[in-house]
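S.K.: My questions will all concern the structure given below.
The values are calculated or read from the model by the stated rules, or taken from the named source; none is laboratory data. Keep in mind that this is a model prediction, so the values were computed, not measured. Please note: Cβ atoms are built from the backbone with ideal geometry, for glycine as well, and neighbour counts cover all protein chains shown.
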Amino acid sequence: MAASKPSPFPSSASSSRLLLHPFSKPLHPSPKLQRQQRIFVPLVTSSTTVAAPDAVFPPRRNFAPDEPRKGADILVEALEREGVTDLFAYPGGASMEIHQALTRSPSITNHLLRHEQGEAFAASGYARSTGRPGVCIATSGPGATNLVSALADALLDSIPMVAITGQVPRRMIGTDAFQETPIVEVTRSITKHNYLVLDVDDIPRIIKEAFFIATSGRPGPVLVDIPKDIQQQLAVPVWNPPVRLPGYVSRLPKPPALHLLQQIVRIVSESSRPVLYVGGGSLHASEELRRFADLTGIPIASTLMGIGVYPLDGPLSLKMLGMHGTVYANYAI
């Protein structure tokens, strides 16, 4: 009787930490030629210390006013001061410091999507549905360029957004470093404004200005590019810096004068066949518009961005105007 061949697998009594699992379908008929997968299983004993979650991601520290902190922590606190509670960020090497700081934030929730373009459009949708600026964060290079379509869409649709991108360290800018893209130049024509942060002390001012620009006048996207060494640099932030945008502020539209509103009402009342043409600028005056339409009985046609300001199934709605609009809305205008 031939002696049985020894098993290629360790016995159950073996103290080895390596468990061998063959594929369910061998690559070759012979067991000797089967490729085996090695899986390391750590032994947990009564003396083993398992790290608590707080040891991996420590809770937010209550920084003293004069205590230095990383630029990434300054950035996150600046976002908190702007009232940000939700943002959309996909991590990468040049933005990892920001993500670490976000884990210590007690009030900001990061919604992790699977692609930077998706997160940017999610931030745009958040802004459209809440009326608050949408915030998205991406890493340098391909992560930043994946935001381009959503930024262009936000500019054309007047959607307030603040996009924050990681960048290679300052000393490597312009050297064709790994995943370096001049995202400020790439997005210059599809944003209201953009910043390249070159001093950690500028973070509070730049974030405050970015939100002011994104939400004032005709809303739109603003991009803030932050090099990795700025994110890591320690500094004591100075909060509530003055917004110094004299050229921009001077061009903002002035509040409507009461006598002009009275003049508009008079002209409308004297018109024989008035029609209201409503756009996205009236999104935050929906209730007032509906009351005005109900009182005057004037029919309403809307742009694509004005859809929803007045119900499309309302008795005075002519629906959308334009190439893809209704025939009667186009004839009415």
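S.K.: (1) assigned to a loop (DSSP other than H, G, I, E, B); (2) at pLDDT 95 or above: which one isn't true of D202, the others all being true?
M.R.: Looking at each condition in turn, D202 falls short on (1).
S.K.: Pairs only if they're at least six apart or on different chains, beta carbon under 9 angstrom, first in segment 237-255 and under 23 Å from G281 (Cα atoms), second assigned to a loop (DSSP other than H, G, I, E, B) and small (G, A, S); list them, first residue then second.
M.R.: So the pair list comes out as Y248/S216; Y248/G217; V249/S216; R251/G217; L252/S216; L252/G217; P253/G217.
S.K.: Please specify each residue of segment 275-304 satisfying the condition of being crowded, with 16+ Cβ neighbours inside 10 Å, within 29 Å of the chain's Cα centre (by Cα) and at pLDDT 90 or above.
M.R.: Residues satisfying the conditions are V278, S302, T303.
Results for (1) touching a Lys or Arg at 6+ places or on another chain (Cβ under 9 Å); (2) under 26 Å from S216 (Cα atoms); (3) part of a helix (DSSP H, G or I), shown as yes or no for each residue.
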site	(1), (2), (3)
I98	no, no, yes
Q117	no, yes, yes
S124	no, yes, yes
C136	no, yes, no
S140	yes, no, no
G143	no, no, yes
S149	no, yes, yes
A152	no, yes, yes
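S.K.: Here is a further query. Tally the residues that are free of Cβ contacts under 8 Å to residues at least 40 places away in the same chain, assigned to a helix (DSSP H, G or I) and of a type in the set (D, E), restricting the search to segment 154-190.
M.R.: Residues that pass the stated criteria total 1.
S.K.: Right, something else. Which numbered condition in (1) surrounded by 10 or more Cβ atoms within 10 Å (Cβ to Cβ); (2) out of contact with any Asp or Glu (no Cβ under 9 Å at 6 or more places or on another chain) is the only one that P256 fails?
M.R.: The one condition P256 does not meet is (1).
S.K.: Given the conditions (1) in contact with a helix residue (DSSP H, G or I) (Cβ under 9 Å, 6 or more places away or on another chain); (2) without any contact (Cβ under 8 Å) to a residue 24 or more places away in the chain, which single one is not true for L258?
M.R.: For L258, the exception is condition (1).
S.K.: Yes or no: S105 surrounded by 15 or more Cβ atoms within 10 Å (Cβ to Cβ), in the same structural domain as K208 (by TED's automatic domain parsing) and assigned to a loop (DSSP other than H, G, I, E, B)?
M.R.: Considered against the rule, which asks whether it is surrounded by 15 or more Cβ atoms within 10 Å (Cβ to Cβ), in the same structural domain as K208 (by TED's automatic domain parsing) and assigned to a loop (DSSP other than H, G, I, E, B), S105 comes out as yes.
S.K.: Same structure, new question: For segment 315-333, give me each residue that is loosely packed, with under 14 Cβ neighbours inside 10 Å and assigned to a loop (DSSP other than H, G, I, E, B).
M.R.: P315, G322, M323, H324, I333
S.K.: Assuming I267 fulfils every condition listed in (1) farther than 30 Å from I206 by Cβ; (2) at pLDDT 90 or above; (3) surrounded by fewer than 17 Cβ atoms within 10 Å (Cβ to Cβ) apart from one, which condition is it?
M.R.: Condition (2) is where I267 drops out.
S.K.: Please state which of the following conditions R244 fails to meet, knowing it meets all the rest: (1) under 29 Å from A150 (Cα atoms); (2) modelled with pLDDT of 90 or more.
M.R.: (2)
S.K.: Related question: Taking into account only those residues within segment 168-190 that are under 24 Å from the mean Cα position of the chain (by Cα) and of a type in the set (D, E), which is surrounded by the most Cβ atoms within 10 Å (Cβ to Cβ)?
M.R.: Restricting to residues being under 24 Å from the mean Cα position of the chain (by Cα) and of a type in the set (D, E), the top hit is E180.
S.K.: Still on this structure, I have one more. Can you tell me which condition V243 does not meet? The list is (1) of a type in the set (A, V, I, L, M, F, W, C); (2) in contact with a Phe, Trp or Tyr (Cβ under 8 Å, 6 or more places away or on another chain); (3) not in a loop (DSSP other than H, G, I, E, B), and all the others hold.
M.R.: If we test V243 against (1) of a type in the set (A, V, I, L, M, F, W, C); (2) in contact with a Phe, Trp or Tyr (Cβ under 8 Å, 6 or more places away or on another chain); (3) not in a loop (DSSP other than H, G, I, E, B), just (3) comes out false.
S.K.: Now for a different question. When the residues of segment 74-88 are filtered to those that are within 14 Å of T103 (Cα to Cα), of a type outside the set (V, I, T) and assigned to a helix (DSSP H, G or I), which remaining residue is nearest to the chain's Cα centre (by Cα)?
M.R.: Among those residues, the one meeting the criterion is L79.
S.K.: Is it true that G281 is on the phi > 0 side of the Ramachandran plot and small (G, A, S)?
M.R.: no
S.K.: Could you list all residues from segment 156-192 that are touching a Lys or Arg at 6+ places or on another chain (Cβ under 8 Å) and among the β-branched types (V, I, T)?
M.R.: Matches in segment 156-192: I159, V168.
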